[in-house]
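To start, the structure under review is shown below, and the notes come after it.
The values are calculated or read from the model by the stated rules, or taken from the named source; none is laboratory data. Being a predicted model, the structure only gives us computed values, none of them experimental. Positions of Cβ are backbone-derived with ideal geometry, glycine not excepted, and every protein chain shown enters the neighbour counts. With ligands, DNA and RNA removed, areas are computed over all heavy atoms of the protein, side chains included. Shrake-Rupley method; radii C 1.70, N 1.55, O 1.52, S 1.80 Å.
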Amino acid sequence: WAVVATTKLMLAEKWRERISPTGYWISEKLDGVRAFWSGKAFYSRRGNQFPAPDWFKAKMPQNVELDGELWCGRRMFRRSLAIVRNAGSDKLWQYVTYQIFDLPSFKNSKKEVVAATTLFEDRLKRIREITKNNDVCVAVGMLRCESTAHLRSELKKVVGRGGEGLMLRKPKSDYVQGRSDVLLKVKNFQDEEAKVMRYQDGKGKHVGKVGALALRTPDGREFLCGSGMTDKDRESPPKIG
């Protein structure tokens with residue numbers, strides 16, 4: 001893959017119930033492949049260029065930086081990854097859409113790049129404008145959160161349709177590079193009374209700590225939870241049982 005220095009993308013923190021979601025923007029947490037559009041090509045968070053076909057890139061907004069996911073649909077992460085990483089997948093890109101959720105850079109009427117100080121609502125308006133009548137890129141749907149109960153209701157709907165969770169975006173927020181609490185992820189397991197069954201040992205930088213929790217939901221489903229754990233969680237994990 002070609003590697004370039006790309007914009008450092010925003011990463012989400014976990015939503016915790018002590019944070020009131022009222023007024024935040026709700027969107028679905030997509031299980032696609034995170035991708036930065038430079039205005040000419042797609043890149044991964046690490047700067048690896050995705051081999052998108054020319055016909056797909058020609059339909060993308062030109063000379064504007066975008067943050068989103070290359071997505072084939074719910075529960076299709078492996079398919080999405082296989083397509084966007086394979087240089088021979090030209091025709092298969094017809095099953096991919098670029099779901100846009102932010103603008104890392106934003107040009108005002110004077111053509112000045114002012115993303116960091118532009119309100120999210122203004123960036124969202126711009127995203128909707130540039131994706132209008134476009135069949136390869138789409139503005140991710142957003143709605144205002146009315147309460148914690150509303151958040152849980154929307155989470156239940158999304159999970160029921162095969163989605164993996166929700167994202168919360170702080171209103172009137174800037175685009176912050178790196179991990180930030182203006183963007184929060186709400187995963188399904190947080191809405192269930194999942195029981196800790198065992199610990200999975202950490203690897204690499206997490207050697208000697210808990211790498212992941214093996215959880216079981218009341219209906220018998222088991223899964224691993226590790227990507228959202230903090231160092232504190234790994235050192236002092238929840239008790240088994």
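Evaluate the following for Leu155: is it touching a Gly at 6+ places or on another chain (Cβ under 9 Å) and open to solvent by less than 50 Å² (accessible area, probe 1.4 Å)? Quick ask: steps written out before the conclusion?
Numbers: touching a Gly at 6+ places or on another chain (Cβ under 9 Å): yes; open to solvent by less than 50 Å² (accessible area, probe 1.4 Å): yes.
Yes, satisfied.
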Among the residues of segment 68-109, which ones are within 15 Å of Leu9 (Cα to Cα), of a type outside the set (S, T, N, Q) and not in a strand (DSSP E or B)? Leu103, Pro104, Phe106
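With the condition kept exactly as written, say whether any residue in segment 106-118 is at pLDDT 90 or above and surrounded by 14 or more Cβ atoms within 10 Å (Cβ to Cβ).
So far as segment 106-118 goes, no, none of its residues is at pLDDT 90 or above and surrounded by 14 or more Cβ atoms within 10 Å (Cβ to Cβ).
Do we have any residue at all in segment 59-67 that's among the hydrophobic types (A, V, I, L, M, F, W, C), outside any helix (DSSP H, G or I), free of Cβ contacts under 8 Å to residues at least 40 places away in the same chain and crowded, with 18+ Cβ neighbours inside 10 Å? Steps first, answer last, please.
First, pick out the residues of segment 59-67 that are among the hydrophobic types (A, V, I, L, M, F, W, C): 60, 64, 66.
With outside any helix (DSSP H, G or I) added as a condition, the list becomes 60, 64, 66.
From the residues that got through so far, the ones that are free of Cβ contacts under 8 Å to residues at least 40 places away in the same chain too are none.
Within segment 59-67, not a single residue is among the hydrophobic types (A, V, I, L, M, F, W, C), outside any helix (DSSP H, G or I), free of Cβ contacts under 8 Å to residues at least 40 places away in the same chain and crowded, with 18+ Cβ neighbours inside 10 Å.
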Give me the residue from segment 39-50 that is in a loop (DSSP other than H, G, I, E, B) and open to solvent by 40 Å² or more (accessible area, probe 1.4 Å) and, out of that set, modelled with the highest pLDDT. Lys40
Taking Trp55 and the conditions (1) part of a helix (DSSP H, G or I); (2) crowded, with 18+ Cβ neighbours inside 10 Å, which numbered condition does it fall short on, given that it satisfies the others? (2)
Given the conditions (1) within 25 Å of Met76 (Cβ to Cβ); (2) modelled with pLDDT under 95, which single one is not true for Arg126? (1)
Screening Glu154, Glu129 for residues that are in contact (Cβ under 8 Å) with a residue 40 or more places away in the chain, acidic (Asp, Glu) and under 20 Å from Gln99 (Cβ atoms) leaves only Glu154
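Looking at segment 134-214, what strands (runs of 3 or more DSSP E) fall wholly within it and have at least 2 residues that are within 15 Å of the chain's Cα centre (by Cα) and at pLDDT 90 or above? Lay out the reasoning, then the answer.
Working: elements: 137-139, 165-169, 178-187, 195-201.
In segment 134-214, the matching strands (runs of 3 or more DSSP E) lie at 137-139, 165-169, 178-187.
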Determine which member of the set Arg75, Arg85 is open to solvent by 10 Å² or more (accessible area, probe 1.4 Å) and either without any contact (Cβ under 8 Å) to a residue 60 or more places away in the chain or on the phi < 0 side of the Ramachandran plot (or both). Arg85
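In this structure, does Asn86 turn out to be modelled with pLDDT of 90 or more and over 21 Å from the mean Cα position of the chain (by Cα)? Lay out the reasoning, then the answer.
Numbers: modelled with pLDDT of 90 or more: yes; over 21 Å from the mean Cα position of the chain (by Cα): yes.
Answer is yes for this residue.
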